[in-house]
1. What angle do you read, to the nearest 10 degrees and between 0 and 90, between the alpha-carbon axis of helix 69-105 and the longest principal axis of the chain?
2. Could you work out how much longer the chain between residue 64 and residue 124 gets when fully extended? Use 0.36 nm per residue separation minus the Cα distance between them, nm to one decimal.
3. Under 1.5 on a/c is rounded, so check that first for the stretch 86-155, then, if it is not, pick prolate when a/b is larger than b/c and oblate when it is not; a ≥ b ≥ c are the square roots of the alpha carbon gyration tensor eigenvalues.
4. Relative to the longest principal Cα axis of the chain, at what angle does helix 3-17 sit, 0 to 90 degrees, rounded to 10?
5. What is the magnitude of the charge dipole of the chain about its Cα centre, with +1 placed on the Cβ of each Lys and Arg, -1 on the Cβ of each Asp and Glu, and no other charges, expressed in debye to the nearest 20?
6. Name the residue farthest towards the positive end of the dipole of the stretch 3-61 from the options 24, 14, 4, assuming +1 on Cβ of Lys and Arg, -1 on Cβ of Asp and Glu, about the Cα centre.
7. Beyond a 21 Å Cα-Cα separation, which of these cross-linked pairs lie in this structure: 7/38; 96/149; 8/61; 107/149; 134/154; 7/61?
8. List the residues whose amide H sits under 5 Å from the amide H of residue 51, counting only those 5 or more places along or on another chain, with H placed 1.01 Å from N in the peptide plane.
Amino acid sequence: MNGYARKKWYGFLAQRDGEHCYICNRIPPEFQLIIEHKDNNNANNNPENLRLSCRRCNYIKNPRGPVDLSACVNMVNDDTSAEIDINTRKEPLFRKFVFHLLNEQNKVSQHEVIYSGAEELGISPVTARRYLEKMCSGRGLLMKSNEIKTIMIKYKPKPPGI
């Protein structure tokens, strides 16, 4: 049922039967009422076949069949493995890109690193920011420094004796 038809039938049913669930008497706006087909045939829009019910009661009256969870698991695994595959290819390229920039310029603005890296490698700036955060972590080789309202990225100083 499209939005126009739903609006028309909802108004008719609310006026005819009252705007409440026919089973539990819940009312909007706390609970959304839906138009239920008594015979479960969505093509049968005869007024005698229609009534209002809340989603909970409709689901209890007409439980969905068992879901094949293996299909969902396979879908998640496929999506996850694709994301992992992209990450394992793109992160090393991003790291190489950043090190190349720093070897040429000694320090680069965080904005430039993130957005140039994202553009160069075809990744989102959010992903580039995550990669950069790892590189600037306690174990990473890079650090951030504040310089005149700009965050700069540069190599961490070498510890003495190395």
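1. That helix lies at roughly 30 degrees to the long axis.
2. Working: separation 60, 0.36 × 60 = 21.60 nm, distance 3.84 nm.
Value of the extension gain: 17.8 nm.
3. Working: a/c = 1.62, a/b = 1.47, b/c = 1.10.
Note, shape of the stretch 86-155 comes out prolate.
4. It is inclined by approximately 40 degrees.
5. Values: 25 positive and 18 negative charges, 110 e Å.
Its charge dipole is roughly 520 debye.
6. So the residue we want is 4.
7. On the way: 7/38 18 Å; 96/149 27 Å; 8/61 24 Å; 107/149 15 Å; 134/154 14 Å; 7/61 23 Å.
96/149; 8/61; 7/61, as the Cα separations exceed 21 Å there.
8. Residues meeting the amide H criterion: 36, 38.
Just so you know, all these numbers are worked out from the coordinates, no wet-lab data involved. Not measured: the values here are computed from a predicted model. Ideal geometry is used to build each Cβ from the backbone, glycine not excepted, and the neighbour counts take in all protein chains shown.
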